[in-house]
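**Q** Just dropping this structure here.
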Amino acid sequence: MAAIRHPLWFAPATAAAAALLAGCASTRLDAQWSDQQVAPGSLRGARVMVACEAYDLVIKRICQDQVAAQVTARGGTPVFAPDTTNQAPGRPLGAEQYLPAARSAGAKAVLTNYVTQADVNVSGPASVSFGIGGFGFGGGGGGVSTGVGVSAPVGGGRTSVGYALSSSVTEASSGRLLLSAKASAPPSSDVTAQLSELTKSVFGAVDGAKLF
């Protein structure tokens, strides 16, 4: 069904779009879980294997560097996981793939990180559009899309991507899951800064669980 357009609804629609985008404008911790039976400081001073998975090699390397820096800042010793081949692209390998290497390296835990694109994309300049159900407003061109029929103007004419980071901490000796967390970030052309904020957000959950 074609969208119904009405100039009197444009201002409220624009306000709604702006409000929704403002709510997505910062990196956030979307979910977290930790094993309440883990003793505080169980990873303090320990070797921790760091594994990152991503579609792009450069994203993977940036992720590894950011996560390793956070481990070091907490008194741990990061050990990079060996490169692996994912037979099912689009799905994380899981910590069990790294456990043998972690044990061989004397790591007490494996910290796996899976980087994906968040469901928000930004492209060049455009007018605001808004739509719910059979109603829609706005102009042509690209913009910020959120999956609920909202787009707003952005400048620069460049394409930026928002990323999400799903992380887990697994005990190397037993394969026991100690913590899992997921964070997402708004689109940015500075990928390094974006991954840095995602990593800090995930390590907020790590700190909350007092693993180090």
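We did not get these values from a lab; they are worked out from the coordinates using the rules stated. Note that the coordinates shown come from a computational prediction; the quantities given were computed from them, not determined experimentally.
**Q** For Y163, list long-range residues whose amide hydrogen, built 1.01 Å from N in the peptide plane, is under 5 Å from its own amide hydrogen.
**A** Long-range HN contacts for Y163: A118, A185.
**Q** Search the structure for amide H atoms under 5 Å from the amide H of A172, placed 1.01 Å from N in the peptide plane, and list their residues when 5 or more places away or on another chain.
**A** A109, V110
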